[in-house]
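Student: Before I ask anything, here is the structure I am working with.
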Amino acid sequence: MSLVQLRINGLAALQQRLKQARDELIDELTDILKKLGEDAATHAKLHKGYKDRTANLKNSISYALYFDGEPIVKAVGKVQADAQQSVNERFEAYASEHVQPKGFTIIVVAGMSYAQHVEHKGYNVLYLTRDFLQNELRQIVLETIEDLKTRDA
C-alpha cells in the first residue's frame, strides 16, 4: 500500500479569491436589485387600476431590499399625516414576516389598510407588479449567469 500525501499550496489565496469574487457579485447584485425595487414601486404607481381619490393608496406603496435579513435600502411611502404611522407599521409587520435570513429579499407593499380590499374588488394595486418583478428577476438571473460564464472564460 502506498501513502499519498496531498499538499495544497495557496489554499488561503484561493479562499481569498473566492471571497473577493463573491463580494463583487453581491455588490453588483445589490446595485441591480436596488434599482429593481425602485422600478417596481414606480411600476405599481403607474399601473394602478383604481380611481385615485386621496393619493394615499398610491403614495403608500413602499419597497425595501434586504440582504441576509439586514436592510440595505428602505423607501416607505409618504401619506397624509394621520395615516403615516399605520403605513409604517404595516410595512414593518410585512417585512418581519417575509424577509429571509439568507440571501436577498425584495419587498413591495401597499401600506393602506384597504389595499387588499381594492384588489379583491378587481382593481390592480400590486398584482401586476408581482408579474413585473418575476419577469425582471428572471432576466437578472439569466444575465448574471451569462456574465459569470464570460468572467470564467
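Student: How far apart, in nm, are two points set 7 Å out from the Cα along the Cα-to-Cβ line at LEU148 and at LEU25?
Tutor: 0.4 nm
Student: Treating the angle as unsigned and between 0 and 90°, give the value, to the nearest 10°, between the Cα long axis of helix 11-46 and the longest Cα principal axis of the chain.
Tutor: Once rounded, one gets 20 degrees.
Student: Given the options ALA12, ALA64, ALA55, which has the most mean-square fluctuation in a GNM of the chain, springs set between C-alpha atoms less than 10 angstrom apart?
Tutor: Most flexible of the set in this elastic network: ALA12.
Student: Okay, next question. With charges only on Cβ, +1 for K and R and -1 for D and E, what is the dipole size of region 57-132 about its Cα centre, in debye, rounded to 20? Don't skip to the end; give the middle numbers.
Tutor: On the way: 7 positive and 8 negative charges, 44 e Å.
Charge dipole, region 57-132, about its Cα centre: 220 debye, nearest 20.
Student: Given a 1.4 angstrom probe, what's the average accessible area per residue across region 1-134, in square angstrom? If you can, show how the numbers build up before the last one.
Tutor: Details: 9040 Å² over 134 residues.
Dividing the accessible area of region 1-134 by its residue count gives 67 Å².
Student: Next question. Quick check on the chain: helices-only [θ] at 222 nm, where DSSP H runs of length 4 and up contribute -39,500 (n - 2.57) each and the sum goes over total residues. Nearest 500, please.
Tutor: Working: 5 runs with 90 residues, N = 153.
So the calculated ellipticity at 222 nm is -20000 deg cm²/dmol.
Student: Which one, LEU36, GLN116, GLN84, projects farthest toward the positive side of the charge dipole computed for the chain from Cβ point charges (K/R +1, D/E -1)?
Tutor: GLN116
Student: Step through the table entries LYS51/LYS78; LYS78/LYS121; LYS35/LYS121; LYS35/LYS149, compare each Cα-Cα distance with 27 Å, and write down the pairs that go over it.
Tutor: LYS35/LYS121
Student: In whole percent, how big is the carbon plus sulfur part of the accessible area of region 17-82, probe 1.4 Å, protein atoms only? Each step should come with its number before you reach the end.
Tutor: Details: 1950 of 3900 Å².
So the carbon and sulfur contribution to the accessible surface is 50 percent.
Student: Related question: Whole Å is fine, so just give me how far the alpha carbon centre of region 107-153 lies from that of region 23-96.
Tutor: Result: 12 Å between the Cα centres.
Student: A further question follows. Compute the helix-to-body angle for 127-152: its Cα long axis versus the longest principal axis of the chain, expressed 0 to 90° and rounded to tens.
Tutor: Roughly 20 degrees between the two axes.
Student: What does the C-alpha gyration tensor say about the overall shape of the chain? Classify as rounded when a/c is under 1.5, otherwise prolate if a/b is larger than b/c, or oblate.
Tutor: prolate
Student: Using amide H atoms built in the peptide plane, which far-off residues or other-chain residues are under 5 Å from ILE72 H to H?
Tutor: Amide H to amide H, under 5 Å and 5 or more residues apart or across chains, ILE72 pairs with LEU65, TYR66, PHE67.
Student: Follow-up question, since we're still on this one. Please compute the contact order of the chain in relative form: average sequence separation of alpha-carbon pairs under 8 Å and at least six residues apart, divided by the residue count, as a percent.
Tutor: RCO, the chain: 24 percent.
Student: Still on this model: Helix 81-98 versus the longest principal axis of the chain: what is the Cα-based angle in degrees, 0 to 90, to the nearest 10?
Tutor: Once rounded, one gets 30 degrees.
Student: Another question about this same structure. Nothing charged except the Cβ atoms of Lys and Arg (+1) and of Asp and Glu (-1): what's the magnitude of the dipole of the chain about its Cα centre? Round to the nearest 20 debye. Provide the component values of the computation, followed by the final result.
Tutor: Numbers: 20 positive and 21 negative charges, 45 e Å.
Once rounded to the nearest 20, the dipole reads 220 debye.
The values are calculated or read from the model by the stated rules, or taken from the named source; none is laboratory data. Remember, predicted model here, so these are calculated numbers, not experimental data. Note: ideal-geometry Cβ built from the backbone for every residue, glycine included; neighbour counts use all protein chains shown. Areas reflect the complete protein model, heavy atoms only, side chains present, ligands, DNA and RNA absent. Shrake-Rupley method; radii C 1.70, N 1.55, O 1.52, S 1.80 Å.
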